[in-house]
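Read-outs throughout are calculated quantities, based only on the coordinates presented, and are distinct from any laboratory measurement. Everything quoted here is computed from the prediction, not taken from an experiment. Note: ideal-geometry Cβ built from the backbone for every residue, glycine included; neighbour counts use all protein chains shown.
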Amino acid sequence: MKINKEKCQLFFKKFLPFFLIFFVSMMLGIFVGYFANPKCGTVREKTQYIISGIRELLSQEEQIEIIKQCEECICEECTTEEKEEKIDDDCPVRVDVSGAVRNPGVYCFEEGSVIMDAVTRAGGFLADYGYKYIYRKINLAEEMVSNEKIYFPFKEDLVCELLSFSTEVEEEVVVLYPKEDDSEQEEENTSEESESSDCISINSASIEELDELNGIGEATAQKIIDGRPYDSLEDLLDVKGIGDATFDKIKDDICL
């Protein structure tokens, strides 16, 4: 148990005259009891006479006041703890309010209180609160639930999140799309296009183009066109007039 020193000091300053009177009266009582009162002969009788004299000096109301003040001074912390426990028992909605508010802390609210009540109780927003996020993402009219935590972000909280996000995106771009890979891909595409432009497509070439192939005449070219489409170059072996020897002559000059 801790004693409130300031209150006790005020208490002793207030009642110091009474203690002085008490001490002086006690000394006078001792003197009178032992030397000036012939009626009190024994030590017990003299002691009882001294106590009765002291009680007469202080009225009953003053004695009660001294006792009350002393009890209040010594037991102040005990009384405060009892009051706090009583408040906690009577708290229907307890909420932890933190972030960009003037007085963050744990507050007690009535049932049906909304988030705006928490803002008001905490003293309102600070100057650097993240108003764009709060007004877009937080419903100030939403009813609060007991034992929940409500955090109102600062502007700098939102700026830091955006900066870290943009950094991650840049790193991913560098890793996934290096310049060397791009150049290699372009070279491969160019080589494929050049190769494809030098060959004759058996699925789309005209009869004149097919007629230019070694060993293929106009009649055979028409049979190739009639046999379309082809899934592979070897399918030309199914065309009447094209054997293995003819296929070996044209296989390097044709494509699908």
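Ordering 142-149, 127-134 by mean Cβ neighbour count within 10 Å, with the highest value first, yields 127-134, 142-149. Highest mean first, the peptides 94-101, 199-206 sorted by other C-beta atoms within 10 Å per residue fall in the order 94-101, 199-206. Here's how it looks for residue 99: its modeled amide H is under 5 Å from those of 152, which are all 5 or more places away or on a different chain.
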